[in-house]
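Below is one structure, written out as structure tokens; comments come after it.
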Amino acid sequence: MILIIAVLTMGGLGLFFAIGLAIASKKLKVKEDPRVKKVMEILPMTNCGACGVPGCSTFAVGLVKGDIAINACVAGGQEVADLLAKALGIDSATSVRMLAVVLCRGGDKETRKFATYRGDKTCASADLTGGEKSCSYSCLGLSDCVVSCEFGAMEMNDNGLPVVFYDKCIGCGACAKACPRDIIEMHSESMKVFVYCKNKDKGPIAKKHCDVACIGCGLCVKDCNVEGGIVMKNNLAVINYESCPQDDSTTKRCPTKCILFDEEPKQIKEVFSSKAMKVASGS
Amino acid sequence: MNIILIFLSAAIVNNLVLAYFLGICPFLGVSKRLDTAVNMGLATTFVMTLAAVITWLINNLILIPYDLPFLMNVTFIIVIASLVQLVEMFIKKMSPPLYRSLGMFLPLIVTNCAIFGLALFESLRGYSLLEGLFFGLGGGVGFTLALVLMAGIREELEFADVPRALQGAPMTLLIAGMLALAFMGFAGLLSV
């Protein structure tokens, strides 16, 4: 008997609230722009946040309203921009592809170890104690960036440095945020010249820590034929990405080979994985 | 007089968040900005007050007469979930920016244990309908108070030089603990 009453009570209450909510949803209905749904279908729905708004649904609303540029979706790139333009009946603009660049080449071979780190295996916590390498600006090598990448576009190579796969990176910038030492930066695809070092120590000290450190000699600054294309800041060559010429004129004379032209390895994931397999199997 | 005592007790002395440690999730999650915190507090207060009244009615008119107190938890959850749905629709209609800024935390009021705890306390302590109403209102005001205090402190904290290891969650938890300690000072004020 009590069972029947219990079932009836629950059922009755459920029905009561269901009807109440059904009426409320009719009364409080919000008309949504049908274009928003259309845009949502085109977007990659990765919710990566690279466009600057939280999530693809916010992006869709902003785009329809006109607050967001049509080519702002970094993850989708040109393809999505074109599709969106077609769906909304407006002109497509060229989308700039952004790529993650790892600005440190001090792997296990090039750097010295001055300690053994036994803590939590994340860069964020290793950074608090200083990590294993003596250079306090270097890559910590504990792959926070690889973990943060939702697109499988990063992996650690056998030298303990992260590699960005050209074919997988969508430019969301999650790795750049994850890196506690700000070694990873987001740059447009057309950028070719990079200083692969963040060391602000004086030349001799930097050289002692790492074979490929920027020693602040200033040769690249002299070689740069555009005024202010490269400047020295705290013993470190810093590229002005807007004016520095994208050729090898500045990179030839670097004694430590830390400024390089077109060196960003256009790694394709399959090729990298198969190479790693070969090394592992010893063939 | 009793009603005022119950209200003050729920709002300050036995603050649901800072004395019972209920509803910590929105307390930490929505306390980043003052205006969002106030609105979240108001939404929760609304749900709490209505939930206190409706659960009292269900409890005393259906569950107890038919000897079904074992259905208490389930029915209370249904009531809270429906109310939250209602509030969500209402906010979506009335204020889309607020709807967006509350985000996931709005539907998550359903799982806010402060509301559920409040409904259970109410039936446990055998309040009358009017007492229950003020208990719910007091609980909501107390929740809003805790949220607003926290948000105010966290906004000021943006300009403070926090050690790197304590930035974000650790600092927030420390502050929550200190707020709770401060609220213990009210403990001798009244006992209901």
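The values are calculated or read from the model by the stated rules, or taken from the named source; none is laboratory data. For clarity, every value in this text was computed on a predicted model and none was experimentally measured. Reconstructed Cβ throughout: ideal geometry from the backbone, glycine too, with neighbour counts over all protein chains shown.
Quick notes
- Residue count for segment A:12-37 under the criterion of being more than 33 Å from the chain's Cα centre (by Cα), outside any loop (DSSP other than H, G, I, E, B) and over 30 Å from B:Val74 (Cβ atoms): the result is 0.
- From the options B:Val141, B:Val110, residue that is under 30 Å from B:Asn60 (Cβ atoms), within 14 Å of another protein chain (Cβ to nearest Cβ) and surrounded by 15 or more Cβ atoms within 10 Å (Cβ to Cβ): B:Val110
- Candidates A:Thr58, A:Thr111, filtered to the one that is under 30 Å from A:Val212 (Cα atoms) and hydroxyl-bearing (Ser, Thr, Tyr): A:Thr111
- Residue match in segment B:146-161 (condition: outside any helix (DSSP H, G or I), more than 14 Å from every other protein chain (Cβ to nearest Cβ), touching a Leu at 6+ places or on another chain (Cβ under 8 Å) and farther than 30 Å from A:Leu128 by Cα): no
- Extreme residue, modelled with the lowest pLDDT, among residues of segment A:150-176 that are out of contact with any Gly (no Cβ under 9 Å at 6 or more places or on another chain) and more than 24 Å from A:Val212 (Cβ to Cβ): A:Asp167
- A:Met1 vs. criteria facing chain B (nearest Cβ under 9 Å) and more than 30 Å from A:Gly55 (Cβ to Cβ): no
- Hey, A:Met232 outside any loop (DSSP other than H, G, I, E, B), in contact with a helix residue (DSSP H, G or I) (Cβ under 7 Å, 6 or more places away or on another chain) and closer than 24 Å to A:Ser143 by Cα or not: no
- Taken together, the criteria place B:Thr44 among residues that are of a type in the set (S, T, N, Q) and closer than 18 Å to B:Leu133 by Cα.
- Some residue of segment B:40-49 being modelled with pLDDT under 90, of a type outside the set (Val, Ile, Thr) and either crowded, with 22+ Cβ neighbours inside 10 Å or over 12 Å from the mean Cα position of the chain (by Cα) (or both): yes
- Out of B:Ser123, B:Ser95, B:Ser101, one residue alone is hydroxyl-bearing (Ser, Thr, Tyr), out of contact with any Asp or Glu (no Cβ under 9 Å at 6 or more places or on another chain) and under 26 Å from A:Ser57 (Cβ atoms). It is B:Ser95.
- Residue tally, condition more than 9 Å from chain A (Cβ to nearest Cβ) and not charged (D, E, K, R), over segment B:84-97: 5
Table: residues versus (1) surrounded by 15 or more Cβ atoms within 10 Å (Cβ to Cβ); (2) touching a residue at least 60 places away in the same chain (Cβ under 8 Å); (3) assigned to a helix (DSSP H, G or I); (4) in the same structural domain as A:Leu140 (by TED's automatic domain parsing).
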site: A:Met10; (1), (2), (3), (4): yes, no, yes, no
site: A:Val39; (1), (2), (3), (4): yes, no, yes, no
site: A:Cys48; (1), (2), (3), (4): yes, yes, no, no
site: A:Cys73; (1), (2), (3), (4): yes, no, no, no
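- Test: residue in segment A:52-71 that is in a loop (DSSP other than H, G, I, E, B), touching a residue at least 40 places away in the same chain (Cβ under 8 Å), crowded, with 17+ Cβ neighbours inside 10 Å and outside the structural domain of A:Ala174 (by TED's automatic domain parsing): no
- If you check B:Ile80, B:Ile62 for being surrounded by 16 or more Cβ atoms within 10 Å (Cβ to Cβ), closer than 18 Å to B:Phe121 by Cβ and within 11 Å of chain A (Cβ to nearest Cβ), only one passes: B:Ile80.
- Any hit, segment B:4-25, residues being in contact with an Asp or Glu (Cβ under 8 Å, 6 or more places away or on another chain) and touching a residue at least 12 places away in the same chain (Cβ under 8 Å): yes
Conditions tested, residue by residue: (1) without any contact (Cβ under 8 Å) to a residue 12 or more places away in the chain; (2) within 20 Å of the chain's Cα centre (by Cα); (3) farther than 30 Å from A:Gly55 by Cα.
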| site | (1), (2), (3) |
| --- | --- |
| B:Gly103 | yes, yes, no |
| B:Thr111 | no, yes, no |
| B:Tyr127 | no, yes, yes |
| B:Leu130 | no, yes, yes |
| B:Leu133 | no, yes, yes |
| B:Leu149 | no, yes, no |
| B:Gly152 | no, yes, no |
| B:Pro170 | yes, no, no |
| B:Met184 | no, yes, yes |
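- The set of residues in segment B:23-39 that are in a helix (DSSP H, G or I) and surrounded by 24 or more Cβ atoms within 10 Å (Cβ to Cβ) comprises B:Pro26, B:Phe27, B:Ala37.
- Within segment A:107-145, considering residues that are free of Cβ contacts under 8 Å to residues at least 12 places away in the same chain and either small (Gly, Ala, Ser) or part of a helix (DSSP H, G or I) (or both), the one surrounded by the most Cβ atoms within 10 Å (Cβ to Cβ): A:Ser125
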